[in-house]
Every structure is written in structure tokens, then in C-alpha cells.
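Here the structure is laid out as C-alpha cells; the discussion comes afterwards.
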Amino acid sequence: KAGVTQTPRYLIKTRGQQVTLSCSPISGHRSVSWYQQTPGQGLQFLFEYFSETQRNKGNFPGRFSGRQFSNSRSEMNVSTLELGDSALYLCASSLEASGIQETQYFGPGTRLLVL
Amino acid sequence: LAKTTQPISMDSYEGQEVNITCSHNNIATNDYITWYQQFPSQGPRFIIQGYKTKVTNEVASLFIPADRKSSTLSLPRVSLSDTAVYYCLVGPVSGGYNKLIFGAGTRLAVHP
């Protein structure tokens, strides 16, 4: 079974631009979560989508948004990029439930550099 | 939310057993304990999960004392490929992924 895939793997943008990242979950998985990982803040939860609806949300500004399609694929968008948005963005999928009992499977991430 | 405390880093040698302890003094009755492993430039990977006593799988063992205020991840006979960051997570069943805090993790370095 194929794992979680994320595209693109690397991205360079400039301040003020916007970016869209894509995630394809494991086949049959309906929950997709997004995380931001930086050396200073570590791994931080952005949001989770299930059945095309945002189910949980972390403490990030409104510039960070996401959506999920009927085939469970998900995209996240960051508008008006700031230097501090440079990070590894990870997508994780799980079957249905949301919580520690439901194992998350992470993708390889998209490394975003904002200049 | 249960706060976890782990050592920042550990060193070991190939073939040794490694034990990483995580402290979670304010763990709640319905909280479970999960460990993830992360290699550089990759997403975290689930290792093991438990509620109490001992859990063992093909990769590791997880020891949880009766008071559940700490847990120990045990990696038998480590190899160089076990060099990674290990995260201890504590959270409620069906509590939502937003309730899980990865923290800084423990950076394990395995030497030849």
C-alpha cells in the first residue's frame, strides 16, 4: 500500500507570496492532518480535515488554511508568506478517529523556504 | 493536557540496549502513551503505544509503572539506523490530534 505523498518536496518563495501544498493520504484513510516543523518551535499541529470538514485546529493565524476533497486528498495554503513560515510542512493521514488511539502516518514533508 | 519531559539527547553504541524515559506527572485516567520516531527530513513514524504495564512489539518495548507518571521506551540492541529523534506523546482517546504535543523529543545518537 502506498504511503502518504506530498508535493512538492521543496519550494522557494518570497515574502508576500502565497503557496499551496498538496497531500495524498494512504488509500482508505479519511483523516488528514497538517503540521509545521521548525528548529525553534518543533512539531506543531496546524489543522485536521475529515470528510471535507475541518475537525480540529491549532493555534495558527488565518493566513494558514486548508481544505479536503471528496477523495480525501488535502491541500494547505499559506497566504502573505513571512520569513518565519520557512519550515518543513508535514501531512499525516489516519483512518477515521482523531486522537492518540488512531495511528497517524506521516508523509516526507514539503520543505518551504521563504526569502 | 498532560505535559511530557524527556532528556534532550542520549548517546549509545551499536548492540546496546537503550532506555528513554518520559515523565508525565499529570497524566489523566483516560490518557494513552505513544512514542514516535523521526529521522532527519522525514515525517515521524509510530513505534509503540500503551496504557499500563508492558507492551512489546517487533521494534521496541514500552514499560509503564503502576502510577503511570512516567514511561520508558526500550530499544534492544540498537544499530546506527536507530539514530533519530524519539517523541513521547500523552493524550486522551478520541481527544483530537490538536491535544497531542510532540515536544522537543530525545535525540538519540548511536555510535559504531
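Out of A:Ser74, A:Ser27, report the one residue that is more than 24 Å from B:Tyr86 (Cα to Cα), free of Cβ contacts under 8 Å to residues at least 60 places away in the same chain, surrounded by 17 or more Cβ atoms within 10 Å (Cβ to Cβ) and of a type in the set (Ser, Thr, Tyr). If you could, list the steps in order and put the result at the bottom.
Numbers: A:Ser27 fails: surrounded by 17 or more Cβ atoms within 10 Å (Cβ to Cβ).
Just a single option satisfies the conditions, and that option is A:Ser74.
Say we look at the range B:6-49 and pick out the residues that are without any contact (Cβ under 8 Å) to a residue 40 or more places away in the chain and more than 11 Å from every other protein chain (Cβ to nearest Cβ); which of these is surrounded by the most Cβ atoms within 10 Å (Cβ to Cβ)?
Top of the filtered list is B:Asn26.
Test A:Ile12 against the stated conditions and say whether it is modelled with pLDDT under 95, among the β-branched types (Val, Ile, Thr) and either surrounded by 15 or more Cβ atoms within 10 Å (Cβ to Cβ) or not in a loop (DSSP other than H, G, I, E, B) (or both).
Numbers: modelled with pLDDT under 95: no; among the β-branched types (Val, Ile, Thr): yes; either surrounded by 15 or more Cβ atoms within 10 Å (Cβ to Cβ) or not in a loop (DSSP other than H, G, I, E, B) (or both): yes.
For A:Ile12, the condition - modelled with pLDDT under 95, among the β-branched types (Val, Ile, Thr) and either surrounded by 15 or more Cβ atoms within 10 Å (Cβ to Cβ) or not in a loop (DSSP other than H, G, I, E, B) (or both) - is not met.
Looking for whichever is away from chain B (no Cβ under 12 Å) and either crowded, with 22+ Cβ neighbours inside 10 Å or touching a helix residue (DSSP H, G or I) at 6+ places or on another chain (Cβ under 6 Å) (or both) here; the options are A:Val114, A:Val32, A:Val19. Which one fits?
Working: A:Val32 fails: away from chain B (no Cβ under 12 Å); A:Val19 fails: either crowded, with 22+ Cβ neighbours inside 10 Å or touching a helix residue (DSSP H, G or I) at 6+ places or on another chain (Cβ under 6 Å) (or both).
Going through A:Val114, A:Val32, A:Val19 in turn, the sole match is A:Val114.
Just need a number here: residues in the range B:71-106 that are in a strand (DSSP E or B), among the hydroxyl-bearing types (Ser, Thr, Tyr) and surrounded by fewer than 20 Cβ atoms within 10 Å (Cβ to Cβ). Outline the logic, then answer.
Step one: filter the range B:71-106 for residues in a strand (DSSP E or B), giving B:71-75, B:84-92, B:106.
Narrowing the set further to residues that are among the hydroxyl-bearing types (Ser, Thr, Tyr) leaves B:71-72, B:74, B:86-87, B:106.
From the residues that got through so far, the ones that are surrounded by fewer than 20 Cβ atoms within 10 Å (Cβ to Cβ) too are B:72, B:74.
Going through the range B:71-106 one residue at a time, the tally reaches 2.
Specify the residue that is surrounded by the most Cβ atoms within 10 Å (Cβ to Cβ); the eligible residues are those in the range A:35-52 that are assigned to a strand (DSSP E or B) and more than 10 Å from chain B (Cβ to nearest Cβ).
So the first thing to find is which residues in the range A:35-52 are assigned to a strand (DSSP E or B), and the list is A:35-38, A:42-50.
Imposing the further condition that a residue be more than 10 Å from chain B (Cβ to nearest Cβ) reduces the set to A:36, A:38, A:49-50.
Working: A:Gln36: 23, A:Thr38: 13, A:Tyr49: 26, A:Phe50: 19.
Step by step, filter the range A:35-52, then rank; the result is A:Tyr49.
Has the range A:66-79 got at least one residue that is small (Gly, Ala, Ser) and within 20 Å of B:Ala104 (Cα to Cα)? I'd like the intermediate steps shown before the answer.
First pass over the range A:66-79, keeping only residues small (Gly, Ala, Ser): A:66, A:70, A:72, A:74, A:79.
Those left that are additionally within 20 Å of B:Ala104 (Cα to Cα): none.
The answer is no, given that none of the residues of the range A:66-79 is small (Gly, Ala, Ser) and within 20 Å of B:Ala104 (Cα to Cα).
The values are calculated or read from the model by the stated rules, or taken from the named source; none is laboratory data. None of the values given here were measured: they were computed from a predicted structure. A quick note on method: Cβ atoms are made from the backbone with ideal geometry, for glycine too, and the neighbour counts reach across all protein chains shown.
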